[in-house]
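Peer 1: This is the structure, below, for whatever I ask next.
The values are calculated or read from the model by the stated rules, or taken from the named source; none is laboratory data. Keep in mind that this is a model prediction, so the values were computed, not measured. Every residue, glycine as well, gets a Cβ built from its backbone with ideal geometry; the counts of neighbours run over all protein chains shown.
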Amino acid sequence: MSWKDKLGLVHIYTGNGKGKTTAAFGLAVRMLGSGGRVIIIQFMKAPKVYGEQKKIAECGAVIESFGLPKFVHGKPEPEDVEAAKRALKRAQEVLSSGEWDLVILDEICVALGFGMLEVDEVVELIRNRSPNTELVLTGRYCPEKLFEVADYVTEMREVKHPYQKGILARRGVEY
């Protein structure tokens, strides 16, 4: 039995604290270092903006970003919803293919929290994935219904953050 035959669990990294994407990308590096194939689909992040995007690709992961070059505040615009739906469609293709050892759906929980996707669509996505594909979902606002279909649920809890002192997001640390 190959080590890859033991893959197939679902991880959720959620909560208001920092570190959800960071944890997922750490797992990606671990998988790449073990010889696994990794793809990351980003739901709310535009391409070529975030520091991790270029470097993780250089390490051998495939990264596809479907977010628009703006933040979603309040009610998402129709183009934001359309981008999230395109990312979900791509995730369905990737997860059913059996080609990938690790699939990361970065910020999918934020897309759910903003009502850009339906929870039942994501539950179906999880249930219909290839059996030996490890899956990570990240982002704030994860609906508890997803906890039921996950094997790992980690909540990052903010205790203290520089934002509270007026320090804005810093390149290389927060993005």
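Let's see how each residue does on (1) at pLDDT 95 or above; (2) surrounded by fewer than 13 Cβ atoms within 10 Å (Cβ to Cβ); (3) touching a helix residue (DSSP H, G or I) at 6+ places or on another chain (Cβ under 7 Å):
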position	(1), (2), (3)
LEU27	yes, no, no
ARG37	yes, no, no
LEU68	no, no, yes
VAL72	no, no, yes
LYS75	no, yes, no
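Peer 1: Follow-up. Would segment 102-109 turn up any residue that is assigned to a helix (DSSP H, G or I), touching a residue at least 12 places away in the same chain (Cβ under 8 Å), closer than 20 Å to GLY26 by Cα and not aromatic (Phe, Trp, Tyr)?
Peer 2: Quick first cut of segment 102-109, residues assigned to a helix (DSSP H, G or I) only: 108-109.
Still in the list and also touching a residue at least 12 places away in the same chain (Cβ under 8 Å): 108-109.
Imposing the further condition that a residue be closer than 20 Å to GLY26 by Cα reduces the set to 108-109.
Filter once more, so that each one left must be not aromatic (Phe, Trp, Tyr): 108-109.
Checking segment 102-109: at least one residue is assigned to a helix (DSSP H, G or I), touching a residue at least 12 places away in the same chain (Cβ under 8 Å), closer than 20 Å to GLY26 by Cα and not aromatic (Phe, Trp, Tyr).
So that you can scan it fast, the table gives a plain yes or no per residue for (1) touching a residue at least 60 places away in the same chain (Cβ under 8 Å); (2) in a helix (DSSP H, G or I); (3) in contact with a helix residue (DSSP H, G or I) (Cβ under 6 Å, 6 or more places away or on another chain); (4) farther than 26 Å from ALA169 by Cβ:
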{"position": "ASP5", "(1), (2), (3), (4)": "yes, yes, no, yes"}
{"position": "LYS18", "(1), (2), (3), (4)": "yes, no, no, no"}
{"position": "LEU32", "(1), (2), (3), (4)": "no, yes, no, yes"}
{"position": "LYS55", "(1), (2), (3), (4)": "no, yes, no, no"}
{"position": "ALA84", "(1), (2), (3), (4)": "no, yes, yes, no"}
{"position": "GLU93", "(1), (2), (3), (4)": "no, yes, no, yes"}
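Peer 1: So is GLY67 more than 30 Å from LEU7 (Cα to Cα), not in a helix (DSSP H, G or I) and not polar (S, T, N, Q) or not?
Peer 2: no
Peer 1: While we're on this one: Identify the residue in segment 137-175 that is in contact with a Ser or Thr (Cβ under 8 Å, 6 or more places away or on another chain) and either of a type in the set (Lys, Arg) or part of a loop (DSSP other than H, G, I, E, B) (or both) and, among all such residues, is nearest to GLU124 (Cα to Cα).
Peer 2: Among them, the one singled out is CYS142.
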